[in-house]
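Contents: one structure, followed by commentary.
The values are calculated or read from the model by the stated rules, or taken from the named source; none is laboratory data. Please read these numbers as outputs of a predicted model, since none were measured by experiment. All Cβ positions, even for glycine, are placed from backbone atoms using ideal geometry, and neighbour counts span all protein chains on display. Each accessible area value is taken on the protein alone, full model and side chains, heavy atoms only, with ligands, DNA and RNA left out. Shrake-Rupley method; radii C 1.70, N 1.55, O 1.52, S 1.80 Å.
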Amino acid sequence: MKNKAAANSAGAKGNFVAIIAMFFLFAMISFVTNLAAPLGTIWKNNYEWSGMLGNMMNFLAYLFMGIPAGNLLSKIGYKKTALYAMIVGLAGLVLQWLSGVFGSGIGVFAVADQTVTLNFLIYLLGAFVCGFCVCMLNTVVNPMLNMLGGGGNRGNQLVQTGGSFNSLAGTLTPLFVGMLIGQVTSTTSMTDVAPLLYIAMGVFVLAFLIISFVSIPEPHMSKGKVARKDAHSPWSFRHTVLGVIGIFFYVGIEVGIPGVLIFYLSDSAASGITENATAVAGGVAAIYWLLMLCGRLISSVISGKVSSKAQLTVVSTVAIILIAVAIFLPSTYRVSMPAYSPADGFTMAMVPTKALLLVACGLCTSVMWGGIFNLAVEGLGKYTAKASGIFMMMVVGGGVMPLIQNAIANSVSYMASYWLVIAMLAYLLFYALVGCKNVNTNIPVEEEPDPRNL
């Protein structure tokens, strides 16, 4: 009895350390991802069409790395996958740093009568490599936290708590970039944010050392057994397929709302902000991620009792209402919001009231990822690891949909582009109400012993 109790105690401590490690990785994901949109304001000054291109490259990597990352997880385990991700992320940051010191005068080809320089291509490559990193990390943390929580409401609760750390990093990242950039001018370049990139590189090295010494359970590792081909796959489950589409749209929503908002507020002619517009935009966008942090903290408390389905239904509905009001509300309606000024530090700035409504959506988007993921993998059993890789592949929606939204913003107007967001939210509402039901309960999901491995 004593030995069993001691074993249970050791297991609980091991799980606790693993959970903390996953929370830390969740923060790393947001830190890397949320560098893209603020840095895009620098390049947008040189190439008007490039504002969301770095973000697109970051998320495009998911399309190529999603399934390989899931396979990598099965072969080498959670810990090694995370460590490799740190190395890849460090390489991506180094490339982005190099874009500020090399190739600025070397033209490569022309787009829209503008010469694209080598340093811009290096920046895009760096963003693409960083996308490989965050895809690998996402493949690790989501199924791991869901598993450590035992699935169901408790699994969702852990994912939402991890998401709180994700939102904290997301709050600080655009704020720091905005503080370093201030007002974007024709002379602003990547060298102006080099200190932030140095910090990021140091964090990756520190993260690598920390994860190296943490013991992480490896439930989905093949451990050298002969692979057995199943008659089914995650694609055999309707609620999983619809959830994959939901993840694609959700990430587009999460990134698109603050991404286009930053461009809108940075455009003095559109927003009416005449001083330090970029810094103000970064400060306001940071509130969006801060509200995501608050929402995930609240969800982490209530998710043990309130189902993922109920949460997703409510937040999708509220977000649709907030964005619809923001679209129709005249820009002349102003409100004072916390911001940052290079001259005065943290201060209050007058911004269009619609900006307040859009950042309030952070409370809604905060619980969507965990809710969709939890509903989509419910009842998958042995197919969960492969499903995680598929979900990561669909995170490319965070690059595709904001790029489309940005194109609409450039051709029509910033606010008109948010109709695309409303359409995606309507799909999530459908998924919460109808699409999340598992109608394929007849498919066996438990591991069966393979005679070849006996």
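Could you check the range 251-362 for helices (runs of 4 or more DSSP H) lying wholly inside it with 3 or more residues that are under 29 Å from Y62 (Cβ atoms), open to solvent by less than 40 Å² (accessible area, probe 1.4 Å) and modelled with pLDDT under 90? Give the derivation first.
Working: elements: 268-271, 277-302, 308-328, 353-360.
Ranges flagged: 277-302.
So, in the range 363-400, of the ones that are at pLDDT 85 or above and small (G, A, S), which residue ends up farthest from A319 (Cα to Cα)?
A376
Under 9 Å between Cβ atoms, at least 6 apart or on separate chains: pull out the pairs that start in the range 402-428 with a residue that is closer than 15 Å to A326 by Cβ and touching a residue at least 60 places away in the same chain (Cβ under 8 Å) and end on any residue that is of a type in the set (D, E, K, R) and assigned to a loop (DSSP other than H, G, I, E, B).
So the pair list comes out as Y414/D267.
Scan the range 234-292 residue by residue and report those that are acidic (D, E) and under 17 Å from the mean Cα position of the chain (by Cα).
Initially, the range 234-292 is screened for residues acidic (D, E), giving 254, 267, 275.
Once the filter is applied, which keeps residues that are acidic (D, E) and under 17 Å from the mean Cα position of the chain (by Cα), the range 234-292 yields only E254.
Take the residues of the range 88-105 that are open to solvent by less than 50 Å² (accessible area, probe 1.4 Å) and not hydrophobic (A, V, I, L, M, F, W, C): which is modelled with the lowest pLDDT? It would help to see each step written out before you state the result.
Within the range 88-105, the subset open to solvent by less than 50 Å² (accessible area, probe 1.4 Å) is 88-89, 91-93, 95-96, 99-100, 103.
This time we only want the ones that are not hydrophobic (A, V, I, L, M, F, W, C), so: 89, 92, 96, 99-100, 103.
Numbers: G89: 88, G92: 90, Q96: 86, S99: 84, G100: 80, G103: 67.
So the residue we want is G103.
Across the range 106-145, what is the total count of residues that are among the hydrophobic types (A, V, I, L, M, F, W, C), more than 30 Å from N374 (Cα to Cα) and at pLDDT 85 or above? Spell out how you get there, then give the answer.
Applying the first criterion (among the hydrophobic types (A, V, I, L, M, F, W, C)) to the range 106-145 yields 106, 108-112, 116, 118, 120-122, 124-125, 127-130, 132-137, 140-141, 144-145.
Keeping just the survivors that are more than 30 Å from N374 (Cα to Cα) gives 106, 108-112, 116, 118, 120-122, 124-125.
Of the ones still in play, those that are also at pLDDT 85 or above are 121-122, 124-125.
The number of residues fulfilling the criteria is 4.
Any residue at all in the range 194-216 that's surrounded by 21 or more Cβ atoms within 10 Å (Cβ to Cβ), among the aromatic types (F, W, Y) and at pLDDT 80 or above?
Within the range 194-216 (the criterion being surrounded by 21 or more Cβ atoms within 10 Å (Cβ to Cβ), among the aromatic types (F, W, Y) and at pLDDT 80 or above), the answer is yes, since at least one residue qualifies.
If a residue has to be among the small types (G, A, S) and open to solvent by less than 40 Å² (accessible area, probe 1.4 Å) to count, how many in the range 406-442 make the cut?
Of the residues in the range 406-442, 5 are among the small types (G, A, S) and open to solvent by less than 40 Å² (accessible area, probe 1.4 Å).
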